[in-house]
Amino acid sequence: MTSGDIPVLTRLSDSRQAITAPEDDVRGRTVTDRSGNELGKVGDLLVDEAEHKVRFLLLEHGGFLGIGEKKSYVPVDAVAEVTEDRIRIDRTRQQVADAPEYDPEIVDRSEFYDRVYRHYGYAPFWGTGYVYPPYPRLPGQP
């Protein structure tokens, strides 16, 4: 796979896109695994610039006051439930702990995204026949 195979993803906080209704913004919400164990918080969302769809949650976990904190991408496909204060994913704490760790110096992002999707066992969003999951949505999405 080459970087031309997948769309450009941008952090929502770095884009021109905005979430108009505060209750629709999942950033800062607690993320739990399928058993209800707390994993961390949603630090940001990675949005497909062309389709304006969320592709990954940027999960911030571990550390204390930002020191030693780790960041992991979780495909939006893993989101099983969204409530006012929590997002539950359909994976275990161990699966998240074993996921490829986010590194801002990654040169080939397409390879990293592919590794993340394979780790979680989902077909990648740029593949043939991909169906967008129901959570989360940016306002105005069907």
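The values are calculated or read from the model by the stated rules, or taken from the named source; none is laboratory data. Bear in mind the structure is a predicted one, so any value in this text is a computation, not a measurement. Ideal geometry is used to build each Cβ from the backbone, glycine not excepted, and the neighbour counts take in all protein chains shown. Remember, those area values only see protein heavy atoms, side chains included, never the ligands or the DNA or RNA. Shrake-Rupley method; radii C 1.70, N 1.55, O 1.52, S 1.80 Å.
Specify the residue that is modelled with the lowest pLDDT; the eligible residues are those in region 96-116 that are part of a helix (DSSP H, G or I) and open to solvent by less than 60 Å² (accessible area, probe 1.4 Å).
Going through the qualifying residues, I end up with SER110.
So which pairs qualify, if the first residue must be in region 110-131 and under 10 Å from ASP77 (Cα atoms), the second must be of a type in the set (Gly, Ala, Ser) and open to solvent by less than 70 Å² (accessible area, probe 1.4 Å), the Cβ gap must be under 6 Å, and the two must be at least 6 apart or on different chains?
TYR120/ALA78
Restricting to region 117-129, name every residue that is in a loop (DSSP other than H, G, I, E, B) and over 16 Å from VAL8 (Cα atoms).
GLY121, TYR122, ALA123, THR128, GLY129, listed by residue number.
I'd like the full set of residues that are surrounded by 16 or more Cβ atoms within 10 Å (Cβ to Cβ), within 14 Å of PHE56 (Cα to Cα) and among the β-branched types (Val, Ile, Thr), limited to region 6-28.
ILE6, THR10, VAL26
Please work out which residue is modelled with the lowest pLDDT, limiting yourself to region 69-95 and to residues that are part of a loop (DSSP other than H, G, I, E, B) and open to solvent by 60 Å² or more (accessible area, probe 1.4 Å).
Filtering first and then ranking leaves GLU69.
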